[in-house]
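Report on the following structure.
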Amino acid sequence: MGTIELKNVTKSFGPVAVIKGVSLTAEEGEFVVFVGPSGCGKSTLLRLIAGLEETSGGSIHIDGKDVTELDPNHRGLSMVFQSYALYPHMTVYGNIAFALKTAGVAKLEIDRKVRAAAETLKLTPYLDRKPKDLSGGQRQRVAIGRAIVRQPKGFLFDEPLSNLDAALRTQTRIEIANLHKELGATMVYVTHDQIEAMTLADKIVVLNDGEVMQIGSPKELYYAPKNTFVAQFIGSPKMNLLPRASYGGGAMHYQDGVKIDIGHMDGTPSIVGVRPEDISLCPLGEAELSASVTHNEFHGADNNVFVSVPGIGSLNVRANGKLDLQNGQPVGLVLDKSQLHYFDENGVRT
Amino acid sequence: MSPKTENRILATPIVLFLLVMLGFPAVLDILYSFSEVSFENLRSPTLNGGKNFIKVVNDPEFWAASWFSLKFGVATALSECILGLVLAVYLAPIIRKNNWMIAVLIMPMIIAPAMMGLMYRLVLHEFVGSLPHYLYLWLGDSPAFLSRENVFLTVFTIETLQWTPFAFLLIYMAYEAIPSEMREAASVDGTRPWRMFWFIEVPQMAPTLAVAFFIRFIDGFRVFDNIFVLTGAGAGGSTTSLSIYIYLSFFRSGDIGKALAASVILFCVAFVILFFAGRLLRRDRA
């Protein structure tokens with residue numbers, strides 16, 4: 001069971017640089033999630049680790065061994081694809097057993113391992129079926145079964161849940177988390193869904209435009225985003241970024257004389273970020289900022305309220321779902337000062 | 001107007017067309033095959049029971065022709081499919097980048113088979129052919145391509161050269177239709193290229209391979225024009241296919257009843273084969 005290490009890996013397709021120097025380490029048994037908007041290069045990065053694409057520069061190491069030049073079949077990894085890529089002409093049993101047969105494992109041993117994997121994944125009743133007779137969730141589990149049966153050095157998942165419906169996605173997410181605990185194997189997982197990333201990962205790698213924006217635990221990314229990109233990408237609804245303002249006298253100064261007291265700061269913050277749950281609605285008399293409701297989405301437990309603040313603009317506030325809010329209604333806002341995020345003019349955390 | 005009558009009216013032209021174009025000759029064919037008939041009494045054949053069929057079954061040339069057609073059909077279909085498969089897999093990476101190559105590769109298909117026969121008749125002719133000429137010039141000897149011993153190999157080669165592109169085209173399409181993720185999944189799982197070919201790629205191309213083989217077998221089995229032009233059923237009748245046998249019985253010997261009896265037998269056998277092949281393909285899909 002292995003560590004996967006990337007050292008300054010680059011990848012270009014012709015003149016287009018897709019991966020611009022990525023270095024990271026997946027420690028043994030760690031669950032690493034690559035997350036980022038579409039086109040950020042996260043799938044390409046995974047394919048580079050698998051060996052399905054050749055690197056343009058840098059090196060990849062598995063268990064300390066340089067595998068940069070090795071073909072995928074010599075890297076000892078397993079991969080679960082978004083389309084599952086099951087072999088349509090084989091039964092579920094055949095699909096799971098194929099890699100073991102390739103490796104020349106004894107028949108009895110294969111049978112034992114396949115049945116054990118099927119048991120874990122609740123596939124035992126379907127072993128004799130062909131993939132086309134299975135539901136999406138079952139196919140997905142066959143793909144996972146095919147990966148775990150080999151006991152690889154690491155698992156690679158390429159958006160494995162995006163073809164499932166919402167309910168099944170949540171369930172499979174939990175199953176994957178349990179599987180990770182059970183196997184204790186290194187897993188690298190690609191997704192564009194930040195909730196999947198937050199719930200599954202030990203370590204999240206946020207990518208944008210082929211570059212690593214931040215690497216850290218879900219809590220680090222949530223509570224201490226290194227830059228405005230990560231701040232807005234992690235968390236739903238996303239963090240409010242207030243417009244650029246000048247800092248002076250312990251306060252941020254906005255248009256029309258509106259100011260927010262933030263106390264003494266070491267740097268010179270330009271952008272203030274605040275998550276919707278760190279703003280609360282209050283009576284106008286106690287308010288730090290006065291605003292009016294422009295739009296309200298009722299989510300059940302919460303109201304997702306959009307308010308307009310003079311001098312600052314539109315803000316997103318998470319309020320109690322029991323509140324009855326009308327469009328145009330004036331409201332007061334209070335910010336939780338301990339939870340504010342400060343960024344300099346380049347969007348880097350100060 | 002009820003939908004039923006409407007359907008009947010709409011279907012009438014095609015049913016009439018089929019009856020006239022296929023039904024009439026078929027009925028005539030069956031009628032003549034049971035009759036004493038020649039060019040003199042075409043309009044007033046006299047029924048003679050199954051005498052024509054007995055004549056055909058007792059004719060060693062009929063069996064020789066059947067054997068030739070079967071051998072030729074199986075051998076050419078097999079070699080065309082194998083060659084087509086090898087070409088498709090080997091050339092796929094090149095063709096992916098240069099699509100126009102397909103046009104060049106399938107060129108033999110656009111030549112009429114009779115022209116192909118004519119062409120090789122010139123090329124292989126013992127006295128004026130270019131191939132024997134250069135073989136004599138360079139090696140001092142040349143095989144007699146159209147002799148009794150070599151003629152099967154010669155017509156087999158010509159047929160294979162002309163129709164391998166057809167098998168290639170079908171198989172190449174099937175090969176390209178295999179999802180790339182499946183190959184990638186297999187290769188990440190440690191599958192070596194050779195094993196990938198036999199256990200992942202070939203099984204997925206199997207239906208296409210079967211169809212290609214079947215089409216080429218039918219075409220080879222009923223072969224007529226290129227062989228007839230090239231060798232005219234020679235040498236010594238050794239390249240008489242069933243189609244040529246029927247043609248010769250009909251026009252050369254004027255034994256119309258016998259020729260048509262043979263054609264009816266051919267039709268029945270073909271129908272049985274088609275029936276089972278269809279069932280096999282359907283079961284394959286289910």
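Could you work out the percent of alpha carbon pairs in segment A:218-270 separated by over 13 Å, rounded to a whole number?
That fraction is 64 percent.
For the protein assembly as shown, rounded, prolate or oblate, judged on the Cα gyration tensor with a ≥ b ≥ c (square roots of eigenvalues), a/c < 1.5 rounded, else prolate if a/b > b/c? Provide the component values of the computation, followed by the final result.
Working: a/c = 3.08, a/b = 2.44, b/c = 1.26.
Here the protein assembly as shown falls in the prolate category.
State which stretch of chain A is the longest one without any exposed trypsin sites (Lys or Arg not before Pro), exposure meaning a DSSP loop state and at most 16 other Cβ atoms within 10 Å.
Free of exposed loop sites, the longest segment is A:1-121.
Restricting to bridges with both residues inside chain A, how much of the DSSP beta-bridge set is antiparallel, in percent to the nearest 5?
Antiparallel bridges make up about 75 percent of those DSSP assigns within chain A.
Can you figure out the FRET efficiency of A:Asp209 with A:Asn8, using R₀ = 25 Å and their beta-carbon distance, to the nearest 0.05? Let's see the in-between values first.
Numbers: r = 17 Å, r/R0 = 0.67.
Computed FRET efficiency for A:Asp209 and A:Asn8 comes out at 0.90.
Springs between alpha-carbon pairs under 10 angstrom, Gaussian network model over chain A: which of A:Val206, A:Val22, A:Val105 fluctuates most?
Of A:Val206, A:Val22, A:Val105, the most mobile in the Gaussian network model is A:Val105.
What are the residues whose amide H is under 5 Å from the amide H of A:Gly57, where those residues sit 5 or more places off or on another chain and H is modelled from the backbone?
A:Thr10
Which is farthest toward the positive dipole end of the protein assembly as shown among A:Gly285, A:Ile260, A:Ala99, measuring Cα position about the Cα centre, with Cβ charges +1 (Lys, Arg) and -1 (Asp, Glu)?
Positive-most Cα among the choices belongs to A:Ala99.
Need the list of lysines near B:Lys55 for cross-linking: C-alpha distance under 22 angstrom, and skip anything on the same chain fewer than eight residues off.
Of all the lysines, those that pass the test against B:Lys55 - Cα under 22 Å, at least 8 places apart if same chain - are B:Lys258.
Taking square-rooted eigenvalues a ≥ b ≥ c of the alpha carbon gyration tensor, is chain A rounded, prolate or oblate, where a/c under 1.5 means rounded and, failing that, a/b exceeding b/c means prolate?
Numbers: a/c = 3.16, a/b = 1.88, b/c = 1.69.
Prolate, because a/c is 1.5 or more and a/b exceeds b/c.
Would segment A:1-152 count as rounded, prolate or oblate if I go by the C-alpha gyration tensor, calling it rounded below 1.5 in a/c and otherwise prolate when a/b exceeds b/c, oblate otherwise?
In terms of gyration-tensor shape, prolate.
Based on Cβ point charges of +1 for Lys and Arg and -1 for Asp and Glu, what charge dipole magnitude is obtained for the protein assembly as shown about its Cα centre, in debye rounded to the nearest 20?
My answer is approximately 1760 debye.
In segment B:15-113, if every C-alpha pair distance is counted and binned at 5 Å from zero, what percent goes to each bin?
Spelled out per bin, shortest first, that is 2, 9, 10, 11, 11, 11, 11, 10, 9, 7, 5, 3, 1, 0.
Just how far, in whole angstrom, is segment B:178-195 from segment B:117-136 if you go by their alpha carbon centroids?
If you average the Cα positions of each part, the centres end up 48 Å apart.
Please state the charge dipole magnitude for chain A, taken about the Cα centre, from unit charges on C-beta atoms (+1 on K and R, -1 on D and E), reported in debye and rounded to the nearest 20.
Here chain A has a charge dipole of around 1280 debye.
Of the options B:Phe251, B:Pro3, B:Val264, report the single residue whose Cα projects farthest towards the positive end of the charge dipole of chain B (beta-carbon charges: Lys, Arg +1; Asp, Glu -1).
Working it through, the farthest residue towards the positive pole turns out to be B:Pro3.
Sort A:His264, A:His341 by Cβ crowding within 10 Å, fewest neighbours at the top.
Least crowded to most crowded, the residues run A:His264, A:His341.
Extending each Cα 7 Å along its Cβ direction at A:Ser338 and A:Ala116, get the distance between those two points in nm, one decimal.
Modelled inter-label distance: 4.9 nm.
Within the protein assembly as shown, what percent of beta bridges assigned by DSSP are antiparallel, to the nearest 5?
75
Where in chain B lies the longest segment free of chymotrypsin sites (Phe, Trp or Tyr not before Pro) that are both loop residues by DSSP (not H, G, I, E, B) and have at most 13 other Cβ atoms within 10 Å?
B:128-286
Counting only other chains, what is the mean number of Cβ atoms within 10 angstrom of the Cβ of each residue in peptide A:88-97?
So the per-residue partner count for this stretch is 2.
Through the Karplus equation 6.51 cos²θ - 1.76 cosθ + 1.60, θ set to phi - 60°, convert the phi angles of segment A:148-154 into ³J(HN,Hα) values in whole Hz; use x for Gly and Pro.
Here the 3J(HN,Hα) series is 6, 5, 7, 6, x, 6, x Hz.
Taking K and R as +1 and D and E as -1, what net charge do the other residues with C-beta under 13 Å from the C-beta of A:Gly21 add up to?
On the way: positive: A:Lys7, A:Lys11, A:Lys20; negative: A:Asp209, A:Glu211.
Local net charge: +1.
Using a Förster radius of 35 Å, what is the FRET efficiency between B:Val272 and B:Glu176 based on their Cβ-Cβ separation? Nearest 0.05, please.
Working from the Cβ atoms, E equals 0.50.
If the label point is 7 Å along Cα→Cβ of A:Glu286, which residues in segment A:292-336 have backbone nitrogen under 18 Å from it?
A:318-324, A:330-336
Need one number: the % of Cα-Cα pairs in segment B:59-285 sitting beyond the 24 Å mark.
In whole percent, the share of Cα-Cα pairs in segment B:59-285 beyond 24 Å is 55.
So for the pair B:Met107, B:Trp194, with labels modelled 7 Å out along Cα→Cβ, what separation do we get in nm?
3.6
Could you calculate the contour length gain from B:Glu40 to B:Trp100, that is, 0.36 nm times the residue separation minus the distance between their Cα atoms, to one decimal place in nm?
Answer, rounded to one decimal: 16.0 nm.
Positive end of the dipole of the protein assembly as shown, charges at C-beta (+1 Lys, Arg; -1 Asp, Glu), about the Cα centre: which of A:Gly64, A:Pro125, A:His295 has its Cα farthest in that direction?
Ranked along the dipole, the leading option is A:Pro125.
What list do you get for A:Leu46, B:Leu260, B:Leu18 if you sort them by fewest beta carbons within 10 Å?
Arranged by neighbour count, lowest to highest, A:Leu46, B:Leu260, B:Leu18 become B:Leu18, A:Leu46, B:Leu260.
Mind checking the dipole of segment B:59-285: about its Cα centre, +1 per Lys or Arg Cβ, -1 per Asp or Glu Cβ, Debye to the nearest 20?
That gives segment B:59-285 a dipole magnitude of about 420 debye.
Within 10 Å, at most 12 other Cβ atoms, and a DSSP state outside H, G, I, E, B define an exposed site. Report the longest part of chain A free of exposed GluC sites (Glu not before Pro). Mind showing how you got there, number by number?
Values: sites that count: A:Glu54, A:Glu69, A:Glu345.
Between the exposed loop sites, the longest stretch runs A:70-344.
Starting from the Cα of A:Ser236, step 7 Å along the direction of its Cβ; do the same at B:Tyr90; then give the gap between the two resulting points in nm.
5.3
Taking every eigenvalue of the Cα gyration tensor of segment B:105-239, multiplying by 5 and rooting it, what semi-axes result, largest first, whole Å?
Three semi-axes, in Å: 39, 18, 13.
Summarise the partner chain shielding of A:141-151 as one whole number: the mean count of Cβ atoms from other chains within 10 Å of each residue's Cβ. Display every interim value, and only then the final one.
Numbers: counts 0, 0, 1, 0, 0, 3, 3, 0, 1, 3, 0.
That average works out to 1.
Between A:Asp261 and A:Asp165, what is the FRET efficiency for a Förster distance of 60 Å, r being their Cβ-Cβ separation, to the nearest 0.05? Spell out each step's value before the answer.
Working: r = 48 Å, r/R0 = 0.79.
With R0 = 60 Å, the Cβ-Cβ based efficiency is 0.80.
Which far-off residues, 5 or more places away or on another chain, put their amide H under 5 Å from the one on B:Ser35, with H placed in the peptide plane?
Sorted by chain and number, the residues that satisfy this are B:Asn48.
Any read-out appearing in this document is the output of simple, stated calculations on the displayed coordinates, not a laboratory observation. This one's a predicted model, so the numbers in the text were calculated from it and none came from an experiment. Glycine gets a Cβ as well: all are built from the backbone with ideal geometry, and neighbour counts include every protein chain shown.
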